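Data block below; observations after.
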Amino acid sequence: PSSGNGLPNFRRKPVIIIVVGMAGSGKTTLMHRLVCHTHMRNIQGYVMNLDPAVMTLPYAANIDIRDTVKYKEVMKQFNLGPNGGILTSLNLFATKFDEVISVIERRADQLDYVLVDTPGQIEIFTWSASGAIITEAFASTFPTVVAYVVDTPRSEDPTTFMSNMLYACSILYKTRLPLILTFNKVDVAAHQFALEWMEDFETFQAAASSDQSYTSTLTQSLSLVLDEFYNNLKSVGVSAVSGVGMEAFFKTVEASAEEYMETY
Ligand code: GTP
């Protein structure tokens, strides 16, 4: 197949979906829902778990870091705390990542998607060398997109919303991959407010100005910066609990994968 990025081994399939999100955003529940959806719709997918410290997963992973790296032993062997243990485990796994890519390549014709769950502590993946190595290994072989999971009810507060969007922006900046803002928990709070804030920064500024602790100049400058950021991304509302938005999610992934093929 022709390759958008001109790399000889580049394939159109499967699309890699890296799922990241703040702790508590509902990443694991959403992964489970996405896996159920692919089973129900007969979509062929692989599931990969990159969290070495997770005790139990609600879904079956085809590729699991825990099969290769024993997190507790890494902690003991290198005398590390929990975060150092997760980071070192990810480093060890990253050194073998070419094997992981080969496994996916061998099955590529039969796979539509690879869903990738990342460690609960988001920065361990997004700010580590191994996270960058793994992301780069995916992105140089397959179309790759990042699904950034947002806790929608918590983001109704303008301050939290802006912090969350700035974090999402930093991920876009670091990975340089198509980013899908995945507004989760819409069964609790619809994400309409977020769409309005992203569409028109003056609406956001009006909402933010009711918060006296906010520095208005900073808010105005940041909302202008974010306005440019919003122009470059796609968003979708989902509920991992009710299952709303799954079709829309995969449609958005397809559109982002197209964008990847054209741009990267
Ligand atoms: P980790 O990677 O394990 O840290 O995942 P996470 O902390 O990002 O989220 P988790 O899936 O553990 O969900 C956190 C809480 O949010 C749990 O109590 C979930 O039941 C709840 N939750 C997740 N998705 C939804 C949703 O769509 N709607 C509602 N109402 N609750 C949700």
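Quick one: count up the residues across the stretch 226-246 that are assigned to a helix (DSSP H, G or I) and either in contact (Cβ under 8 Å) with a residue 12 or more places away in the chain or touching a helix residue (DSSP H, G or I) at 6+ places or on another chain (Cβ under 8 Å) (or both).
Initially, the stretch 226-246 is screened for residues assigned to a helix (DSSP H, G or I), giving 226-230, 246.
From what is left, the residues that are either in contact (Cβ under 8 Å) with a residue 12 or more places away in the chain or touching a helix residue (DSSP H, G or I) at 6+ places or on another chain (Cβ under 8 Å) (or both) are 226-227, 229-230, 246.
Matching residues across the stretch 226-246 total 5.
State yes or no: is Glu254 part of a helix (DSSP H, G or I), surrounded by fewer than 18 Cβ atoms within 10 Å (Cβ to Cβ) and either touching a His at 6+ places or on another chain (Cβ under 8 Å) or in contact (Cβ under 8 Å) with a residue 40 or more places away in the chain (or both)?
Judged against the criteria, Glu254 is a match.
Could you check the stretch 49-65 and list, in sequence order, the residues that are near the ligand (Cβ under 8 Å from one of its atoms) and crowded, with 22+ Cβ neighbours inside 10 Å?
Scanning the stretch 49-65 gives a single hit, Asp51.
So, in the stretch 110-142, of the ones that are aliphatic (A, V, I, L, M), within 16 Å of the ligand (Cβ to nearest atom) and in a helix (DSSP H, G or I), which residue ends up surrounded by the most Cβ atoms within 10 Å (Cβ to Cβ)?
The extreme case among them is Ile124.
Any residue at all in the stretch 201-219 that's more than 15 Å from the ligand (Cβ to nearest atom), touching a residue at least 12 places away in the same chain (Cβ under 8 Å), surrounded by 15 or more Cβ atoms within 10 Å (Cβ to Cβ) and of a type in the set (Val, Ile, Thr)?
Within the stretch 201-219 (the criterion being more than 15 Å from the ligand (Cβ to nearest atom), touching a residue at least 12 places away in the same chain (Cβ under 8 Å), surrounded by 15 or more Cβ atoms within 10 Å (Cβ to Cβ) and of a type in the set (Val, Ile, Thr)), the answer is yes, since at least one residue qualifies.
Take the residues in the stretch 172-196 that are at pLDDT 95 or above and either part of a helix (DSSP H, G or I) or among the hydroxyl-bearing types (Ser, Thr, Tyr) (or both); name whichever of them is farthest from the ligand (Cβ to nearest atom).
Per the stated criteria, the residue is Glu196.
How about the stretch 147-170: which of its residues are within 15 Å of the ligand (Cβ to nearest atom) and surrounded by 20 or more Cβ atoms within 10 Å (Cβ to Cβ)?
Residues satisfying the conditions are Ala147, Tyr148, Val149, Val150, Asp151, Thr152, Ser155, Asn164, Ala168.
With the checklist (1) touching a residue at least 40 places away in the same chain (Cβ under 8 Å); (2) surrounded by fewer than 15 Cβ atoms within 10 Å (Cβ to Cβ); (3) among the polar types (S, T, N, Q) in hand, flag the one item Ser223 doesn't pass.
(2)
Right, Ile86: buried (at least 18 other Cβ atoms within 10 Å of the Cβ), touching a helix residue (DSSP H, G or I) at 6+ places or on another chain (Cβ under 7 Å) and touching a residue at least 24 places away in the same chain (Cβ under 8 Å) or not?
Against the criterion (buried (at least 18 other Cβ atoms within 10 Å of the Cβ), touching a helix residue (DSSP H, G or I) at 6+ places or on another chain (Cβ under 7 Å) and touching a residue at least 24 places away in the same chain (Cβ under 8 Å)), Ile86 qualifies.
For the stretch 241-252, enumerate the residues that are in contact with a strand residue (DSSP E or B) (Cβ under 6 Å, 6 or more places away or on another chain) and not hydroxyl-bearing (Ser, Thr, Tyr).
Correct list: Gly245, Ala248, Phe249.
Give me the residue from the stretch 171-185 that is within 10 Å of Val150 (Cβ to Cβ) and of a type in the set (A, V, I, L, M, F, W, C) and, out of that set, surrounded by the fewest Cβ atoms within 10 Å (Cβ to Cβ).
Here is the first cut: in the stretch 171-185, the ones within 10 Å of Val150 (Cβ to Cβ) are 181-185.
Then drop every residue that is not of a type in the set (A, V, I, L, M, F, W, C), which leaves 181, 183.
Working: Leu181: 25, Phe183: 27.
Among residues in the stretch 171-185 that are within 10 Å of Val150 (Cβ to Cβ) and of a type in the set (A, V, I, L, M, F, W, C), the one surrounded by the fewest Cβ atoms within 10 Å (Cβ to Cβ) is Leu181.
Being at pLDDT below 95 and not in a helix (DSSP H, G or I) is the filter here; which residues of the stretch 91-108 pass it?
Correct list: Lys96 only.
Within the stretch 22-48, which residues are more than 13 Å from the ligand (Cβ to nearest atom) and assigned to a loop (DSSP other than H, G, I, E, B)?
Arg41, Asn42, Ile43, Gln44
The values are calculated or read from the model by the stated rules, or taken from the named source; none is laboratory data. Quick caveat, the model's predicted, so the values are computed rather than measured. Backbone-built Cβ (ideal geometry, glycine too); neighbour counts: all protein chains shown.
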